[in-house]
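Notes to accompany the following structure.
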Amino acid sequence: MPNKIQRRTFLKRTFGTILTVLGLGSGGYFYANRIEPSLLEINKLDIKHSSIPTSFNGVKIVQFSDTHIGFHYNLHQLKKLVKKINHFQPDLIFFTGDLMDEPNKYEEINKIAPILQQLHATMGKYCIFGNHDHGGYGSEIYRNIMELSNFTVLLNESRLIRKNDGSYISLLGIDDRMLGKPDLAQAMKQVPKSSFKLLLSHAPDVADDASTYQIHWQLSGHSHGGQVKIPFIGALVVPPFAQNYPEGYYSIGDNNNLELYVNRGIGTTRLPFRFMAKPELTVFTLYSLKSD
Ligand SMILES: [Fe+2]
């Protein structure tokens, strides 16, 4: 423990020094500690593909990620977030991991599900494990909360997302790359070959593997967009498995066959700061590129 505290103090002092050098001083500290973490950027993207059935045109997905409840993020903020997500009237809601910062130490676990139950999505709510959801023997705590909240937990498995006319797309979710046992081959087992395939993976760098599995799109979190970025230098810390793809949109694979989006998340971890890495909600709209 002392090491952890010393490290945290060291990082705080380092960050303070950097802000001072940049001429931002205590105002910068206040901004990074209080202002920027409370902001919310809404990013909108279209997901277009010839394998998406025309009946899915206009289907709206809201992705949120990395709330890290219990570390500089509380249930009052979560309630406000739920209202903001519902405001978009999503058809689908995806949560891409790291619900609580330390699941086994958080004292108000019974209060989370009643809040997440208020999230409404006409075609379903789905989630995957992040590294913090496994940390400190938290795996079952996380699963219980998400299932109570009417989320389907995808652990190396897939589901068909169906429209009334019988058309469908495939949604896959894999376990966390850092502390779980991700198995893409297992997740692919039930997936119809010709369907549009959307993968949820907490760790973005899994995309390098996913691009070899005929996955069309991958949605990730984990990086927090670096959480603290220094102008002209970049992120102070990017976690393992978010090194190749730390933030935003990427087109990857031999034939650019996989499109990846990395959401910056909502909360913070390790240090209660965000700087040049605002919290984010992402709203995706599906469109078919079928010629018929
Ligand atoms: Fe996270």
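The values are calculated or read from the model by the stated rules, or taken from the named source; none is laboratory data. Note that this is a predicted model, so its numbers are computed, not measured. When we count neighbours, we look across all protein chains shown, and the Cβ atoms used for this are built from the backbone with ideal geometry, even at glycine. These area figures cover heavy atoms from the full protein model, side chains too; ligands, DNA and RNA do not enter into them. Shrake-Rupley method; radii C 1.70, N 1.55, O 1.52, S 1.80 Å.
Tabulated results
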{"read-out": "Residues satisfying the stated conditions in the stretch 270-291, i.e. at pLDDT below 90 and at negative phi", "value": "Leu271, Pro272, Phe273, Arg274, Phe275, Lys290, Ser291"}
{"read-out": "Checking His134 against (1) within 16 Å of the ligand (Cβ to nearest atom); (2) open to solvent by 20 Å² or more (accessible area, probe 1.4 Å); (3) not in a helix (DSSP H, G or I), the condition it does not meet", "value": "(3)"}
{"read-out": "The stretch 219-242: number of residues that are farther than 18 Å from His132 by Cα and either assigned to a loop (DSSP other than H, G, I, E, B) or without any contact (Cβ under 8 Å) to a residue 40 or more places away in the chain (or both)", "value": "5"}
{"read-out": "Residue that is surrounded by the fewest Cβ atoms within 10 Å (Cβ to Cβ) [pool: residues in the stretch 221-247 that are more than 11 Å from the ligand (Cβ to nearest atom) and among the polar types (S, T, N, Q)]", "value": "Gln243"}
{"read-out": "Filtered residues of the stretch 166-178 (kept if within 16 Å of the chain's Cα centre (by Cα) and open to solvent by 20 Å² or more (accessible area, probe 1.4 Å))", "value": "Arg177, Met178"}
{"read-out": "Tally, over the stretch 62-76, of residues that are under 11 Å from the mean Cα position of the chain (by Cα), on the phi < 0 side of the Ramachandran plot and assigned to a loop (DSSP other than H, G, I, E, B)", "value": "2"}
{"read-out": "Residue match in the stretch 92-109 (condition: surrounded by fewer than 16 Cβ atoms within 10 Å (Cβ to Cβ), at pLDDT 95 or above and out of contact with any helix residue (DSSP H, G or I) (no Cβ under 8 Å at 6 or more places or on another chain))", "value": "no"}
{"read-out": "Some residue of the stretch 198-205 being away from the ligand (no atom under 15 Å from the Cβ), modelled with pLDDT of 95 or more and either open to solvent by 20 Å² or more (accessible area, probe 1.4 Å) or part of a loop (DSSP other than H, G, I, E, B) (or both)", "value": "no"}
{"read-out": "First in the stretch 192-204 and in contact (Cβ under 8 Å) with a residue 12 or more places away in the chain and aromatic (Phe, Trp, Tyr), second anywhere and open to solvent by 10 Å² or more (accessible area, probe 1.4 Å) and not in a loop (DSSP other than H, G, I, E, B), Cβ under 6 Å, 6 or more apart", "value": "Phe196/His49"}
{"read-out": "Selected residue [more than 16 Å from the ligand (Cβ to nearest atom), touching a residue at least 24 places away in the same chain (Cβ under 8 Å) and farther than 17 Å from Ser201 by Cβ] from Ser170, Ser149", "value": "Ser149"}
{"read-out": "Looking only at the stretch 113-125, and only at residues there that are under 19 Å from Leu154 (Cβ atoms) and either crowded, with 24+ Cβ neighbours inside 10 Å or among the aliphatic types (A, V, I, L, M) (or both), the one that is nearest to the ligand (Cβ to nearest atom)", "value": "Leu116"}
{"read-out": "Residues that are of a type in the set (A, V, I, L, M, F, W, C) and in contact with a Leu (Cβ under 7 Å, 6 or more places away or on another chain), drawn from the stretch 68-111", "value": "Ile69, Val82, Ile85, Ile93, Phe94"}
{"read-out": "Candidate set: the stretch 23-78, residues that are hydrophobic (A, V, I, L, M, F, W, C) and at pLDDT below 95; chosen: the one nearest to the ligand (Cβ to nearest atom)", "value": "Phe71"}
{"read-out": "Filter result for Asp176 (within 16 Å of the ligand (Cβ to nearest atom) and within 18 Å of Glu157 (Cα to Cα))", "value": "yes"}
{"read-out": "Candidate set: the stretch 262-292, residues that are within 16 Å of the ligand (Cβ to nearest atom) and outside any loop (DSSP other than H, G, I, E, B); chosen: the one surrounded by the most Cβ atoms within 10 Å (Cβ to Cβ)", "value": "Val262"}
{"read-out": "Residue in the stretch 164-172 that is farther than 23 Å from Asp46 by Cα and not small (Gly, Ala, Ser) present", "value": "no"}
